[in-house]
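Readers should treat all values here as calculations from the given coordinates under stated rules, not as data from a laboratory. Owing to the predicted nature of the structure, the values given are computational and were not obtained by experimental measurement. Ideal geometry is used to build each Cβ from the backbone, glycine not excepted, and the neighbour counts take in all protein chains shown.
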Amino acid sequence: MKKTIFISIIFFILISCNKEEGNSKIFEIESLRSEFIEEIEKPTTLKFIESIRNLNKNVIEFINDPKEETLTSLKLNWKNSAKIFSTIEFLNIGEIQKSLIISSFFTWNVNEENINQYIASANPITENRINSKPTNMRGLSAIEFLLFEKPPSETILDFSNVRRKEYLKVVSENLINKVEDFSSLWNNYRKLFIDNNESGINGGVNMLVNQMNVLLENVKRFKIGEPAGLEGTIVSDISKLQAEKSGISLELIKENIAIIKKTYYYSNNSLDDYVKYITNSNVINEKLKGNFTTVEKEIELLKNNTFNNSITTKVASIEKLYEAIKILIISIKVDVASALSITITFTDNDGD
């Protein structure tokens, strides 16, 4: 009898130990960082580099033979590069953020007057000279201005000007050099990011959650709020849109939202899994999923009209999208950040 009781006690202890080991399984943070690099950063970086190289090829083709066909092809490739840029905006973290390189790709609102003055001047148009100019005189925004400002026939006529051709060519070459720098930065930073075991504001998870917040705040304020007259002023101004001349501002916002969502859910060892592990619940993830769905639906409702027109003709719909993004920001800043003990390092002034 005693022997039976003793064996039963030992068995109970073993079962209890096994359960404790199962409950105390450690979440692999390094794997989360590693999978972010493999699943998100690397493919996104490579895709952007390829798009800029293709854009440069189209620039050369158009300069050599300015006609409607080459202009149309160049415009399509510009739109593709701009959309992919909207995904690399999220990669502005750590050493990449310190380098300030992201702003060299696409800084709106473009300085049209200074570009035209430079083309009209006798100043040399060289890569070094253009690289020394403010970012709103180069990059994708400058190319958009040169290609989309006027109707195709007038644009082609304008490019009979040799200096205009040269300006476009050099701005494109500058972009090529910048994407090569961007590639080198990530080649040097990837291992540092993966191996970074800091848990404070410089930790990998902290960077990702903070960048989700920063990009969403930028979308809310600069890409919707200010152009629609919802922040800073009550007067709408389409010239403040990110891609006013090409008319794809909404598509760029859509890409911003998509990369943030993808980053949160990218694998079986991503941020949503970490939140579930920490909270032992899927409540926050389900709430965030609903927030993303609402934003996506509001974007979808606006897709049949250019954002330029929607700013003035679909005011209520724009406000709904703005509010949906605002709610998504709050979920990240409050629910996700609190669950993961993350310090949000950027906040706006509207009390979110």
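Can you give the translational diffusion coefficient of region 27-197 in µm²/s, computed by Stokes-Einstein from the Kirkwood radius over Cα pairs at 37 °C and 0.692 mPa s?
Working: Rh = 17.0 Å.
Stokes-Einstein gives a translational diffusion coefficient of 193 µm²/s.
How many angstrom lie between the Cα centre of region 118-142 and the Cα centre of region 295-334?
35 Å
Grab the beta carbon distance between residue 158 and residue 323, set R0 = 41 Å, and tell me the FRET efficiency rounded to 0.05. Working shown, then result.
Numbers: r = 42 Å, r/R0 = 1.01.
In this case the efficiency is close to 0.50.
Find the relative contact order for region 198-352 and round it to a whole percent, using C-alpha pairs within less than 8 Å whose residues are 6+ positions apart.
On the way: 157 pairs, mean separation 47.2, N = 155.
So the answer I get is 30 percent.
Beyond a 32 Å Cα-Cα separation, which of these cross-linked pairs lie in this structure: 75/220; 133/326; 67/320; 165/220?
Values: 75/220 27 Å; 133/326 35 Å; 67/320 42 Å; 165/220 36 Å.
In this structure, 133/326; 67/320; 165/220 lie more than 32 Å apart at Cα.
Would you work out the relative contact order for the chain, in percent, from Cα pairs under 8 angstrom that are 6 or more residues apart? Display every interim value, and only then the final one.
Details: 394 pairs, mean separation 70.0, N = 352.
Relative CO of the chain lands at 20 percent.
Suppose the chain between residue 97 and residue 334 were pulled fully straight at 0.36 nm per residue; how much longer would it get relative to their current alpha carbon spacing? Could the numbers behind the result be given before it?
Details: separation 237, 0.36 × 237 = 85.32 nm, distance 2.38 nm.
Gain in length upon complete extension: 82.9 nm.
Taking square-rooted eigenvalues a ≥ b ≥ c of the alpha carbon gyration tensor, is region 77-119 rounded, prolate or oblate, where a/c under 1.5 means rounded and, failing that, a/b exceeding b/c means prolate?
Numbers: a/c = 3.50, a/b = 1.57, b/c = 2.23.
Cα axes put region 77-119 in the oblate bin.
Could you sort the peptides 116-122, 46-52 by per-residue average Cβ neighbour count (10 Å cutoff), highest mean leading? Walk me through the intermediate numbers first.
Values: 116-122: 12.7, 46-52: 17.9.
Listed from highest to lowest mean packing, they are 46-52, 116-122.
So if I place +1 on the C-beta of Lys and Arg and -1 on the C-beta of Asp and Glu, and nothing else carries charge, what would the dipole magnitude of the chain be about its Cα centre? I want it in debye, nearest 20.
Working: 42 positive and 47 negative charges, 95 e Å.
Using Cβ point charges on Lys, Arg, Asp and Glu, the chain gives about 460 debye.
Test of understanding: what is the full-extension gain from residue 283 to residue 42, defined as 0.36 nm times their sequence separation minus their Cα-Cα distance?
On the way: separation 241, 0.36 × 241 = 86.76 nm, distance 3.05 nm.
Full extension from residue 283 to residue 42 adds 83.7 nm.
Remind me, relative contact order of region 27-197 in percent, using alpha carbon pairs under 8 angstrom and six or more residues apart? Numbers along the way, then the final one.
Numbers: 166 pairs, mean separation 56.3, N = 171.
Value for region 27-197: 33 percent.
How much length would be gained if the chain were fully extended between residue 64 and residue 309, taking 0.36 nm per residue of separation minus their Cα-Cα distance, in nm to one decimal? It would help to have the intermediate numbers written out before the result.
Numbers: separation 245, 0.36 × 245 = 88.20 nm, distance 3.48 nm.
That pair, residue 64 and residue 309, stretches by 84.7 nm at full extension.
Taking θ as phi - 60°, what are the ³J(HN,Hα) couplings along region 336-342 by the Karplus curve (6.51, -1.76, 1.60), each to the nearest whole Hz, with x for Gly and Pro?
Those phi angles translate into 5, 4, 5, 4, 9, 6, 9 Hz.
Along Cα→Cβ, 7 Å out, is where each label goes; now give me the distance between the ones at residue 31 and residue 72 in nm to one decimal.
Here the answer is 5.1 nm between the modelled labels.
For region 27-197, build the charge dipole from Cβ charges (+1 Lys, Arg; -1 Asp, Glu) around the Cα centre, then report which of 106, 76, 142 sits farthest towards its positive end.
Working it through, the farthest residue towards the positive pole turns out to be 142.
Please report, in cubic angstrom per residue, the volume enclosed by the convex hull of the alpha-carbon atoms of region 172-331.
Numbers: hull volume 22.8 nm³, N = 160.
Value for region 172-331: 143 Å³ per residue.
About its Cα centre, how strong a charge dipole does region 114-218 have in debye, to the nearest 20, once Lys and Arg get +1 and Asp and Glu get -1 at the Cβ?
Numbers: 11 positive and 12 negative charges, 63 e Å.
Roughly 300 debye for region 114-218.
Counting each DSSP H run of 4 or more residues in the chain as -39500 (n - 2.57), what helix-only mean residue ellipticity at 222 nm follows after dividing by all residues, to the nearest 500 deg cm²/dmol? Walk me through the intermediate numbers first.
On the way: 16 runs with 229 residues, N = 352.
Mean residue ellipticity at 222 nm (helix-derived): -21000 deg cm²/dmol.
Computed on alpha carbon atoms, what radius of gyration and Dmax characterise region 288-352, expressed in Å?
14.1, 42
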